[in-house]
1. Residues that are of a type in the set (S, T, N, Q), part of a helix (DSSP H, G or I), modelled with pLDDT of 90 or more and on the phi < 0 side of the Ramachandran plot: does region 114-123 have at least one?
2. If you go through region 75-88 one residue at a time, how many are of a type in the set (A, V, I, L, M) and crowded, with 16+ Cβ neighbours inside 10 Å?
3. Can you name the residue in region 45-61 that is more than 20 Å from residue 98 (Cα to Cα) and open to solvent by less than 10 Å² (accessible area, probe 1.4 Å) and, of all such residues, is modelled with the lowest pLDDT?
4. Pick from 55, 89, 62, 112: which is free of Cβ contacts under 8 Å to residues at least 60 places away in the same chain, basic (Lys, Arg) and closer than 27 Å to residue 3 by Cα?
5. Here are some residues: 118, 72. Which one is farther than 17 Å from residue 156 by Cα, open to solvent by less than 50 Å² (accessible area, probe 1.4 Å) and over 12 Å from the mean Cα position of the chain (by Cα)?
6. Taking only pairs six or more apart or across chains, which ones have beta-carbon atoms under 6 Å, a first residue in region 10-33 that is more than 29 Å from residue 154 (Cβ to Cβ), and a second residue that is among the hydroxyl-bearing types (Ser, Thr, Tyr)?
7. Just to be sure before I move on: is residue 88 out of contact with any strand residue (DSSP E or B) (no Cβ under 9 Å at 6 or more places or on another chain) and at pLDDT below 85 in the structure I sent?
Amino acid sequence: MRSTKPMLAAKIGYIIMSAVCAFFGTALVIGNKNLILSDFGTLIGISMIVFGAIKLVGYFSKDLFRLAFQHDMASGLLMAIIGVFVLFKPDDAANNIHLILAVLATADGLLKIQIAIDSKKFGINLWWLIFAVAILCCCVGLGLLFRPGEFLRLMTLFVGILLMTEGVLNLLVVIFTVKIIKHQKPDEIEANED
């Protein structure tokens, strides 16, 4: 039997980091209107590195459906690298944080669209909710990416909405698609049984 500890750690980590992401977003949306994104620079950088590490644990955990974590090696490494950039180049990151987050959220939204479609094939009933939130995440990310001038006055608000959407999206995906079964057999044995 395969240990379920890495899957459980990844699932709990995803839930915590999704909540942190949603919290940052909520703070930006309803917080002080004078609050700027650079105020969160260090926290965003550290959070990105931690979430990148959790994504890597998820990728190597071999969850049952192989849905939630299927793209997490590349996206986890990218998120961790960008987190290091945010920490060590805070001025450059502060000037471009909306673009950095927009690219990450758009890419993640596109990958989650694929996960939603695959979830439908697995018979997950709420696949459409993942799909809808992924589309919303992509739309907000693309808006920040291609029309930043129009969003400039409300940049903090839209980055907050983007972070909230991304947090909810990751939470939905991990809750609906990561199934932990204590008696799951290793892949090698499953391959031999086929």
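The values are calculated or read from the model by the stated rules, or taken from the named source; none is laboratory data. As the structure is a computational prediction, the values presented were derived from the model and not from experiment. All Cβ positions, glycine included, derive from the backbone under ideal geometry; neighbour counts span all protein chains shown. Heavy atoms of the whole protein, side chains included, go into the accessibility calculation; ligands, DNA and RNA do not. Shrake-Rupley method; radii C 1.70, N 1.55, O 1.52, S 1.80 Å.
1. Yes; the residues of region 114-123 include at least one that is of a type in the set (S, T, N, Q), part of a helix (DSSP H, G or I), modelled with pLDDT of 90 or more and on the phi < 0 side of the Ramachandran plot.
2. Here is the first cut: in region 75-88, the residues of a type in the set (A, V, I, L, M) are 77-82, 84, 86-87.
Restricting the remaining residues to those that are crowded, with 16+ Cβ neighbours inside 10 Å gives 78-80, 82, 86-87.
Residues in region 75-88 being of a type in the set (A, V, I, L, M) and crowded, with 16+ Cβ neighbours inside 10 Å: 6 in total.
3. Keep residues of region 45-61 that are more than 20 Å from residue 98 (Cα to Cα), which gives 53-61.
Then keep just the ones that are open to solvent by less than 10 Å² (accessible area, probe 1.4 Å); that gives 55, 58, 61.
Values: 55: 89, 58: 86, 61: 82.
The residue in question is 61.
4. 55
5. 118
6. 10/61
7. On the way: out of contact with any strand residue (DSSP E or B) (no Cβ under 9 Å at 6 or more places or on another chain): yes; at pLDDT below 85: no.
Considered against the rule, which asks whether it is out of contact with any strand residue (DSSP E or B) (no Cβ under 9 Å at 6 or more places or on another chain) and at pLDDT below 85, residue 88 comes out as no.
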